[in-house]
Structure formats: structure tokens, C-alpha cells
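The values are calculated or read from the model by the stated rules, or taken from the named source; none is laboratory data. Note that this is a predicted model, so its numbers are computed, not measured. No Cβ is skipped: glycine too gets one built from the backbone with ideal geometry, and neighbour counts run over all protein chains shown.
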Amino acid sequence: MFTELFTESTKYHMYFTKNTFWVAYGQGSGTTTMMYDIKKYLTDKPDDKNYDSILRNIIRAAKDTKPVKSKGDVKMYAVPYYADNTPQGRYLSVWGGDIAPTKTYYMILSEGIPSVVNFFDKKNEALAWIKSIA
């Protein structure tokens, strides 16, 4: 298991640690964005107030991740949330470690022009959002 954790990953994982959303290719390696308000949406439209370049990596990671629900260009993903940053020498479960997530957020990715990402605390809220936009 030790050597598995240090091999280069070709697959991205999406997860939260505290207020940080990660699109990562290794624990502590990848692209992040601060999410102090989970209800804030992200977009790849450069002149929008919620623009974030992480959308390119989210779209890339989504291609390797099985959605929980899909309807056309709108997909829902379960995103694990880890309450604390990882203690040195320990690994998150997405990397094969023993630190389990404390909850799950649900991410809706609407690919288009522009692409938009929304996060939800509850699965039913996310499912209702998909029904309303797709």
C-alpha cells in the first residue's frame, strides 16, 4: 500500500478539505479553490464574478469519474468532504488511506457555454436542481 500512494496518478479526484475544493492528481497536489460559501456557483465565463479557472480541471476530472446522475450535459457527482487537513503521514480514503470523509456534497456540472458548477449539501436538493435545469 505504501508504494501505491506515491505512484503518479493518471486519474484526478475531487474532494473537499475544510473550505478548500480540490481537483487533485495526488494528495496535496492539484488545483484548489476556496469555497467559504458552498452555495456559491463557479463558472468558466471570464467576466463573471464567480469565474474560476478550476472549471477546466473539474471538466477533465469529470471524464474519469462516474456521475451519480446524468441528464444530457448536466451531471451530478458525489464529492467527499474531509473535516480536517491530513495529519502528516496519513492519507485520505480517496488515495487509499484510512481517513474517511465526514460527509458528502453533491456537485452539479452543467457543461456548455458557459460551464457552471453548483454544490449542494443534500442529494435531494441536487436532484431537484437537475430536474429544474435539464
>> One residue is enough: does the range 99-108 have a residue meeting the conditions basic (Lys, Arg), closer than 19 Å to residue 21 by Cα and in a helix (DSSP H, G or I)?
In response: no
> Within the range 85-95, can one find any residue that is touching a residue at least 60 places away in the same chain (Cβ under 8 Å), within 18 Å of residue 122 (Cβ to Cβ) and assigned to a strand (DSSP E or B)?
Replying inline: no
> For residues in the range 80-103 being charged (D, E, K, R) and exposed (fewer than 10 other Cβ atoms within 10 Å of the Cβ), which is farthest from residue 26 (Cα to Cα)?
Replying inline: 84
>> I need every pair where a residue in the range 122-134 that is closer than 14 Å to residue 107 by Cβ and aliphatic (A, V, I, L, M) has its Cβ under 8 Å from the Cβ of a residue that is modelled with pLDDT of 90 or more and surrounded by fewer than 12 Cβ atoms within 10 Å (Cβ to Cβ), sequence separation at least 6 or different chains.
In response: none
> What are the residues in the range 50-79 that are assigned to a strand (DSSP E or B), surrounded by fewer than 17 Cβ atoms within 10 Å (Cβ to Cβ) and not hydroxyl-bearing (Ser, Thr, Tyr), if any?
Replying inline: 71
> What tally of residues in the range 29-49 results from selecting those that are surrounded by 13 or more Cβ atoms within 10 Å (Cβ to Cβ) and part of a loop (DSSP other than H, G, I, E, B)?
Replying inline: 7
> On the given criteria, is residue 39 of a type in the set (Lys, Arg) and under 26 Å from residue 124 (Cα atoms)?
Replying inline: yes
> Of the residues that make up the range 4-26, is at least one assigned to a loop (DSSP other than H, G, I, E, B), under 19 Å from residue 132 (Cα atoms) and of a type in the set (Ser, Thr, Tyr)?
Replying inline: no
> Which one of these does residue 65 not meet: (1) within 16 Å of the chain's Cα centre (by Cα); (2) at pLDDT 95 or above; (3) not hydrophobic (A, V, I, L, M, F, W, C)?
Replying inline: (2)
> In the range 5-28, which residue that is over 18 Å from residue 104 (Cβ atoms) and either at pLDDT 95 or above or among the polar types (S, T, N, Q) (or both) is surrounded by the most Cβ atoms within 10 Å (Cβ to Cβ)?
Replying inline: 27
>> Quick check on residue 126: is it surrounded by 15 or more Cβ atoms within 10 Å (Cβ to Cβ) and among the small types (Gly, Ala, Ser)?
In response: yes
